[in-house]
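*Asks:* One structure is given below, represented as structure tokens, and several questions about it will come after.
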Amino acid sequence: MSTRLMTVGELSRRTGAPIKTLRQYTDWGLIYSVGRSATNYRLFDSDALWCVQVIGQLRGLGLTVAEIRELTGTAAPIGPRLAELLHRSRERLVRRVAELQQTLRRIDEFEAIHHTELPAWGGTCWAGDPRCAESA
């Protein structure tokens, strides 16, 4: 492990995470600083890089920051709890996809009802446009 320390700005550049987010993660105990510089900047080691990457992966799987914080707040093995949280995330995503599909159906219905008041944009059609199917 490298002993080279980074400021929050360098950690941000290396991870792509905004500085404000990194400060919040530190305040919430998701990543740890190893102290402060002589000019009072938070200092991080390579462990912080790993933590930010893991947090990013978990966020990319749909976990909330609160759920990630919950994972870090226990001495128990995280595997079973992580599996439960991933299942919960999947359920949220399935509900969200269903909501978006319902919105698309409402748009289709609205356009079908109001097709005479809604001329095609510049004569071009888009996928799923019922007016395009009528003229084809």
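*Asks:* Specify which residue in the list TRP50, THR74, THR64 is farthest towards the positive end of the charge dipole of the stretch 43-89, using unit charges on the beta carbon of Lys, Arg (+1) and Asp, Glu (-1), about the Cα centre.
*Replies:* Checking the options against the dipole of the stretch 43-89, the answer is THR64.
*Asks:* Continuing with the same structure: Residue-wise, which Karplus ³J(HN,Hα) couplings in Hz belong to the stretch 21-34, taking 6.51 cos²θ - 1.76 cosθ + 1.60, θ = phi - 60°, and x for glycine or proline?
*Replies:* 5, 4, 5, 5, 4, 5, 4, 8, x, 7, 10, 10, 8, 9
*Asks:* Using modelled amide H (1.01 Å from N, peptide plane; none on Pro or chain starts), what sits under 5 Å from the amide H of ILE31, excluding residues fewer than 5 places away?
*Replies:* Answer set, sorted by chain and number: THR26.
*Asks:* Next up: Enumerate the calculated ³J(HN,Hα) couplings along the stretch 86-97 in order (Karplus 6.51 cos²θ - 1.76 cosθ + 1.60, θ = phi - 60°), each rounded to whole Hz, writing x wherever the residue is Gly or Pro.
*Replies:* 3J(HN,Hα) across the stretch 86-97, in whole Hz: 5, 5, 4, 5, 4, 4, 4, 5, 4, 4, 5, 4.
Read-outs throughout are calculated quantities, based only on the coordinates presented, and are distinct from any laboratory measurement. Bear in mind the structure is a predicted one, so any value in this text is a computation, not a measurement. Positions of Cβ are backbone-derived with ideal geometry, glycine not excepted, and every protein chain shown enters the neighbour counts.
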